[in-house]
1. As an exercise: evaluate A:ASP56 against (1) in a loop (DSSP other than H, G, I, E, B); (2) out of contact with any Lys or Arg (no Cβ under 6 Å at 6 or more places or on another chain); (3) among the acidic types (Asp, Glu) and give the number of the one condition it does not meet.
2. Which of the residues that make up the stretch A:4-19 are more than 12 Å from every other protein chain (Cβ to nearest Cβ) and loosely packed, with under 15 Cβ neighbours inside 10 Å?
3. Could you give me the residue pairs with C-beta distances under 8 Å whose first residue belongs to the stretch A:44-65 and is within 9 Å of another protein chain (Cβ to nearest Cβ), whose second residue is part of a loop (DSSP other than H, G, I, E, B) and among the basic types (Lys, Arg) wherever it lies, and which are 6+ apart or on separate chains?
4. Considering the stretch A:88-114 alone, what residues qualify as being touching a Leu at 6+ places or on another chain (Cβ under 6 Å) and over 17 Å from A:TYR50 (Cα atoms)?
5. Is it the case, given these coordinates, that B:PHE46 is away from chain A (no Cβ under 14 Å), part of a strand (DSSP E or B) and either out of contact with any Lys or Arg (no Cβ under 9 Å at 6 or more places or on another chain) or among the aliphatic types (A, V, I, L, M) (or both)?
6. Take the residues in the stretch B:49-62 that are within 14 Å of another protein chain (Cβ to nearest Cβ) and either aromatic (Phe, Trp, Tyr) or within 26 Å of A:GLY3 (Cα to Cα) (or both); name whichever of them is surrounded by the fewest Cβ atoms within 10 Å (Cβ to Cβ).
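Where a number appears in this text, it was derived from the coordinates with a stated rule and is not lab data. None of these values were measured; they are calculated from a predicted model. All Cβ positions, glycine included, derive from the backbone under ideal geometry; neighbour counts span all protein chains shown.
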Amino acid sequence: DAGITQSPRHKVTETGTPVTLRCHQTENHRYMYWYRQDPGHGLRLIHYSYGVKDTDKGEVSDGYSVSRSKTEDFLLTLESATSSQTSVYFCAISDIKGGRYEQYFGPGTRLTVT
Amino acid sequence: AQSVAQPEDQVNVAEGNPLTVKCTYSVSGNPYLFWYVQYPNRGLQFLLKYITGDNLVKGSYGFEAEFNKSQTSFHLKKPSALVSDSALYFCAVRGSYSGAGSYQLTFGKGTKLSVIP
């Protein structure tokens, strides 16, 4: 999984609690992304980062925030978890050096909100 | 806005037979196209990409994809399917510019490939 780790890998939490997911990369790639994967929807972009402290919203950002204080770490926070946020969350990285535009994905975090 | 369609939710093929997983796209400008594979409980793995050049692109694990500009398609192919190819396959297109050199990817909904022994 291309030098990308995600933690935790599995989490069960209760509605209304805050949750933070961590993505850590060892590739020194500039760009980092958070996606959620749901049946019938494919992957949908939540937030992305194009550098330390530089982040922006994706397609489904409501209820999520992110932070990137170091190149290697990108945190996704569910401010007050809801059952609709039960999903599998993937982090991805990319770097356009050398004409590479593809993204590389972490192993995922399965989050269940009860 | 860019979009990707994978018209088949599931494709079944017998082991040893050729396989095709279909993808069509819509994007303004030159298309940058990608295929990914996802095995159960794993992240997506990059298979291949088309940026420019030869319309037939070769990738990992014996897969290839054919870019057809007139039909706006980028179908994934393999001459002889293996049981181990059974997985979920995603097509993606590079989309809108996100600033600072970054582009987003738009993914299709995925096609489940089952290779039957």
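1. If we test A:ASP56 against (1) in a loop (DSSP other than H, G, I, E, B); (2) out of contact with any Lys or Arg (no Cβ under 6 Å at 6 or more places or on another chain); (3) among the acidic types (Asp, Glu), just (1) comes out false.
2. Within the stretch A:4-19, the first condition is being more than 12 Å from every other protein chain (Cβ to nearest Cβ), and the residues that meet it are A:7-8, A:11-19.
Residues satisfying the conditions are A:SER7, A:PRO8, A:VAL12, A:GLU14, A:THR15, A:GLY16, A:THR17, A:PRO18.
3. From residues that are within 9 Å of another protein chain (Cβ to nearest Cβ), the pairs are A:TYR50/A:ARG30; A:GLY51/A:ARG30.
4. A:TYR89, A:THR109
5. Numbers: away from chain A (no Cβ under 14 Å): no; part of a strand (DSSP E or B): yes; either out of contact with any Lys or Arg (no Cβ under 9 Å at 6 or more places or on another chain) or among the aliphatic types (A, V, I, L, M) (or both): yes.
So B:PHE46 fails the test.
6. To start, the set of residues in the stretch B:49-62 that are within 14 Å of another protein chain (Cβ to nearest Cβ) comprises B:49-53, B:57, B:59-60.
This time we only want the ones that are either aromatic (Phe, Trp, Tyr) or within 26 Å of A:GLY3 (Cα to Cα) (or both), so: B:49-51, B:57, B:59-60.
Values: B:LYS49: 20, B:TYR50: 21, B:ILE51: 16, B:VAL57: 21, B:GLY59: 18, B:SER60: 11.
Applying the filter and picking the extreme gives B:SER60.
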